[in-house]
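Participant: Sharing a structure, written as structure tokens. Questions coming.
We did not get these values from a lab; they are worked out from the coordinates using the rules stated. Predicted model only: the values in this text are computed from it and were never measured. Virtual Cβ from ideal backbone geometry, glycine too; neighbours counted across all protein chains shown.
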Amino acid sequence: MRRGTYLLLTVWPLAGLAQDCDVALTAQAAPGTISVHYSAPCAPYAPVSVTYGPVTFGEETGVDGQLDLTLPALSGVTTVRVQTGSAAHDLTLPPVADAQRFVALVLPGDDAGAELSADATQGQKFGFPGRAPQAWLLPVSAGALPVLSLPITGSTCGRRVALDLVDGRKGPRQQLEVTMPACSREGEVLHLPLVPAGG
């Protein structure tokens, strides 16, 4: 009879290996801005939808399931929502000094190379590339008129671009549709003043 050799292994549970999958949404206020932190440790590279007041844009968590956003403090906006799948997380924002009146422009994920400017004030773009929709948040000072600049390229010429314009003073969004010039004008830029309904 052959004798076998037996190796006895004792496996001890290792503390700390179980991952904490709790989701958290927090915010900190600074003059003129709100810093939002979303933590979903078990959801790396996850598509999320961020709703800030009347504006929604698409984002994506990082390799560690974290998402950090610095948002301009907007007059009248007091909540933020981060949603992934069917799970939504809402947060009431802390009071912020120097909140500004704003205009927001919401574009589809393929934003046709749109850029925003407004006199001396530059808009801030939000939205992860390829995650629809994309959004510009544009604080507007008295007398400043926001302008949408749409480059006329081989992929945008002759097509229609759908836009949503939100004026922070009036609430309801306006649905806009821009027909881009013909391809013979490729290389030029179409400038459109964003005048909210009612002036």
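Participant: Express the relative contact order of the stretch 24-92 as a whole percentage, based on alpha carbon pairs under 8 Å and six or more residues apart in sequence.
Facilitator: Normalised by residue count, the contact order of the stretch 24-92 is 33 percent.
Participant: Taking θ as phi - 60°, what are the ³J(HN,Hα) couplings along the stretch 64-72 by the Karplus curve (6.51, -1.76, 1.60), each to the nearest whole Hz, with x for Gly and Pro?
Facilitator: Values, residue by residue: 9, x, 9, 9, 10, 10, 10, 9, x Hz.
Participant: Using the Kirkwood radius built from alpha carbon pairs, what does the Stokes-Einstein equation give as D for the stretch 24-92 at 10 °C and 1.306 mPa s, in µm² per second?
Facilitator: Working: Rh = 12.2 Å.
The calculation lands on 130 µm²/s.
Participant: Next question, about the same structure. In what order do Glu177, Glu186 fall by count of nearby beta-carbon atoms within 10 Å, going from fewest to most?
Facilitator: Fewest to most other Cβ atoms nearby, the residues stand as Glu177, Glu186.
Participant: Further question on the same structure: Could you sort the peptides 126-135, 59-68 by per-residue average Cβ neighbour count (10 Å cutoff), highest mean leading?
Facilitator: 126-135, 59-68
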